[in-house]
Amino acid sequence: MFAEIRRKEREMDSQQAKEVLENGSYGILSMCGQNNYGYGVPLNYVLEDNHLYFHCAVEGEKLRSLAENNKVSFCVVGKSEVISREFTTSYQSIIAFGKATFVSSEDEIRRAMLLLVKKYSPEHMETGEKYINQAITRIQVIRIDIEHISGKFH
(Lines give C-alpha, C1' and ligand atoms only; values in the text may rest on other atoms or scores of the structure.)
Protein backbone atom coordinates (compact mmCIF):
# COMPACT_ATOMS: atom_id res chain seq x y z
CA MET A 1 0.00 0.00 0.00
CA PHE A 2 2.90 2.38 0.77
CA ALA A 3 5.99 2.67 -1.42
CA GLU A 4 9.13 0.98 -0.17
CA ILE A 5 12.35 2.90 0.27
CA ARG A 6 14.50 2.45 -2.83
CA ARG A 7 17.90 2.73 -1.09
CA LYS A 8 17.54 -0.10 1.45
CA GLU A 9 21.00 0.58 2.92
CA ARG A 10 19.72 3.98 4.09
CA GLU A 11 16.47 2.73 5.59
CA MET A 12 15.88 3.25 9.31
CA ASP A 13 14.23 0.60 11.40
CA SER A 14 10.87 1.55 12.87
CA GLN A 15 12.34 2.41 16.29
CA GLN A 16 14.88 4.83 14.77
CA ALA A 17 12.14 6.44 12.67
CA LYS A 18 9.93 6.91 15.75
CA GLU A 19 12.84 8.53 17.61
CA VAL A 20 13.35 11.08 14.81
CA LEU A 21 9.61 11.74 14.85
CA GLU A 22 9.50 12.07 18.63
CA ASN A 23 12.51 14.40 18.83
CA GLY A 24 11.71 16.68 15.89
CA SER A 25 10.86 20.29 16.61
CA TYR A 26 8.50 20.73 13.66
CA GLY A 27 7.13 18.82 10.70
CA ILE A 28 5.37 19.42 7.43
CA LEU A 29 1.76 18.27 7.24
CA SER A 30 0.89 17.46 3.62
CA MET A 31 -2.65 17.05 2.39
CA CYS A 32 -4.81 17.55 -0.64
CA GLY A 33 -5.74 21.23 -0.78
CA GLN A 34 -7.90 23.45 -2.97
CA ASN A 35 -8.39 22.30 -6.56
CA ASN A 36 -6.57 19.05 -5.70
CA TYR A 37 -3.19 20.77 -5.36
CA GLY A 38 -0.84 19.49 -2.71
CA TYR A 39 -0.89 21.63 0.41
CA GLY A 40 1.95 21.44 2.92
CA VAL A 41 1.97 23.31 6.23
CA PRO A 42 4.83 23.46 8.75
CA LEU A 43 3.70 23.00 12.33
CA ASN A 44 4.67 22.02 15.85
CA TYR A 45 3.42 18.65 17.01
CA VAL A 46 3.73 16.01 19.66
CA LEU A 47 3.81 12.22 19.42
CA GLU A 48 1.91 10.03 21.86
CA ASP A 49 1.87 6.29 21.24
CA ASN A 50 0.94 5.99 17.55
CA HIS A 51 -0.72 9.39 17.32
CA LEU A 52 0.48 12.84 16.34
CA TYR A 53 -1.27 15.87 17.79
CA PHE A 54 -1.20 19.48 16.70
CA HIS A 55 -3.45 22.46 17.29
CA CYS A 56 -4.71 25.29 15.13
CA ALA A 57 -7.46 27.88 14.85
CA VAL A 58 -11.06 26.70 14.54
CA GLU A 59 -11.31 27.69 10.86
CA GLY A 60 -9.08 27.92 7.81
CA GLU A 61 -7.78 26.16 4.72
CA LYS A 62 -6.13 23.36 6.68
CA LEU A 63 -9.41 22.40 8.33
CA ARG A 64 -11.38 22.64 5.08
CA SER A 65 -8.83 20.41 3.35
CA LEU A 66 -8.84 17.82 6.15
CA ALA A 67 -12.64 17.77 6.22
CA GLU A 68 -12.67 16.87 2.51
CA ASN A 69 -9.86 14.30 2.65
CA ASN A 70 -8.34 13.16 5.93
CA LYS A 71 -5.49 11.12 4.40
CA VAL A 72 -2.23 12.92 5.15
CA SER A 73 1.51 12.55 5.34
CA PHE A 74 3.78 14.18 7.86
CA CYS A 75 7.48 14.74 7.20
CA VAL A 76 10.17 15.51 9.77
CA VAL A 77 13.84 16.17 9.04
CA GLY A 78 16.08 15.40 11.97
CA LYS A 79 19.80 16.09 11.86
CA SER A 80 20.87 17.70 8.60
CA GLU A 81 24.29 18.92 7.49
CA VAL A 82 25.49 19.85 4.00
CA ILE A 83 28.85 18.25 3.20
CA SER A 84 29.90 20.60 0.42
CA ARG A 85 33.22 18.93 -0.48
CA GLU A 86 31.34 15.69 -1.18
CA PHE A 87 28.30 17.31 -2.86
CA THR A 88 25.94 15.58 -0.48
CA THR A 89 23.99 16.03 2.73
CA SER A 90 24.09 14.03 5.93
CA TYR A 91 20.51 13.73 7.20
CA GLN A 92 17.77 11.85 8.98
CA SER A 93 14.20 12.08 7.73
CA ILE A 94 10.91 10.32 8.24
CA ILE A 95 7.52 10.31 6.63
CA ALA A 96 4.46 9.15 8.55
CA PHE A 97 1.19 8.41 6.79
CA GLY A 98 -2.16 8.37 8.48
CA LYS A 99 -5.65 9.71 8.84
CA ALA A 100 -6.45 12.99 10.56
CA THR A 101 -9.34 13.30 13.00
CA PHE A 102 -10.82 16.45 14.54
CA VAL A 103 -10.63 15.90 18.31
CA SER A 104 -13.92 16.77 19.99
CA SER A 105 -13.38 15.42 23.51
CA GLU A 106 -12.34 18.23 25.85
CA ASP A 107 -10.31 15.72 27.88
CA GLU A 108 -8.30 14.65 24.82
CA ILE A 109 -7.86 18.29 23.71
CA ARG A 110 -6.58 19.21 27.15
CA ARG A 111 -4.24 16.18 27.25
CA ALA A 112 -2.83 16.95 23.78
CA MET A 113 -2.29 20.60 24.65
CA LEU A 114 -0.52 19.66 27.90
CA LEU A 115 1.74 17.31 25.92
CA LEU A 116 2.58 20.17 23.55
CA VAL A 117 3.40 22.49 26.47
CA LYS A 118 5.53 19.75 28.06
CA LYS A 119 7.45 19.26 24.79
CA TYR A 120 8.03 22.89 23.85
CA SER A 121 7.85 24.81 27.17
CA PRO A 122 8.41 22.33 30.01
CA GLU A 123 9.63 25.06 32.35
CA HIS A 124 6.27 26.86 31.98
CA MET A 125 3.74 24.11 32.72
CA GLU A 126 1.70 26.17 35.17
CA THR A 127 1.42 29.14 32.79
CA GLY A 128 0.70 26.72 29.95
CA GLU A 129 -2.21 25.20 31.84
CA LYS A 130 -3.68 28.66 32.42
CA TYR A 131 -3.30 29.44 28.70
CA ILE A 132 -5.03 26.17 27.77
CA ASN A 133 -7.94 26.94 30.12
CA GLN A 134 -8.39 30.37 28.52
CA ALA A 135 -7.99 29.19 24.92
CA ILE A 136 -9.77 25.82 24.99
CA THR A 137 -12.82 27.13 23.08
CA ARG A 138 -10.67 28.89 20.45
CA ILE A 139 -8.47 25.99 19.39
CA GLN A 140 -8.93 22.89 17.31
CA VAL A 141 -6.79 19.86 18.04
CA ILE A 142 -6.13 17.36 15.27
CA ARG A 143 -4.99 13.78 15.88
CA ILE A 144 -3.23 11.84 13.16
CA ASP A 145 -3.49 8.09 13.63
CA ILE A 146 -0.26 6.78 12.12
CA GLU A 147 -0.75 3.87 9.72
CA HIS A 148 2.77 3.68 8.29
CA ILE A 149 6.12 5.29 8.99
CA SER A 150 9.40 5.08 7.14
CA GLY A 151 12.74 6.77 7.65
CA LYS A 152 16.02 7.32 5.83
CA PHE A 153 19.47 8.48 6.81
CA HIS A 154 22.75 9.21 5.11
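Ignoring ligands, DNA and RNA, what percent of the 1.4 Å accessible area of region 1-84 is carbon and sulfur?
46
The long axis of helix 125-135 is offset from the longest Cα principal axis of the chain by roughly 60 degrees.
Given the options Gly38, Gln16, Met1, identify the residue whose Cα lies farthest towards the positive end of the charge dipole of the chain (+1 on Cβ of Lys, Arg; -1 on Cβ of Asp, Glu). The residue sitting farthest along the positive end of the dipole is Gly38.
Overall form of region 39-145: oblate. Here a/c, set by the Cα gyration tensor axes a ≥ b ≥ c, is 1.5 or more, and a/b is not larger than b/c.
What is region 109-154 by shape, rounded, prolate or oblate, if you read a ≥ b ≥ c off the alpha carbon gyration tensor as root eigenvalues and call it rounded for a/c under 1.5, prolate for a/b larger than b/c, and oblate otherwise?
The shape class here is oblate.
One decimal place: the segment Arg138-Glu126 gains 2.4 nm when fully extended, by the rule 0.36 nm per residue minus the C-alpha distance.
With each label modelled as a point 7 angstrom along the Cα→C-beta vector, the Val82-Ile28 pair spans 1.6 nm. The stretch between Asp145 and Thr101, if pulled fully straight at 0.36 nm per residue, gains 15.1 nm over its current Cα-Cα span. The helix-based estimate of mean residue ellipticity at 222 nm for the chain, built from -39,500 (n - 2.57) per DSSP H run of four or more residues and divided by its residue count, is -8500 deg cm²/dmol to the nearest 500. Rounded to the nearest 10 degrees, what's the angle between the helix 14-23 long axis and the longest principal axis of the chain, both from Cα atoms, 0 to 90? So the helix axis and the longest Cα principal axis differ by about 50 degrees.
Counting only protein heavy atoms and a 1.4 Å probe, the chain has 63 square angstrom of accessible area per residue.
Region 29-58 and region 62-132 have their alpha-carbon centroids 8 Å apart.
The values are calculated or read from the model by the stated rules, or taken from the named source; none is laboratory data. Quick caveat: nothing in here was measured; it's all calculated off a predicted structure. Reconstructed Cβ throughout: ideal geometry from the backbone, glycine too, with neighbour counts over all protein chains shown. Each accessible area value is taken on the protein alone, full model and side chains, heavy atoms only, with ligands, DNA and RNA left out. Shrake-Rupley method; radii C 1.70, N 1.55, O 1.52, S 1.80 Å.
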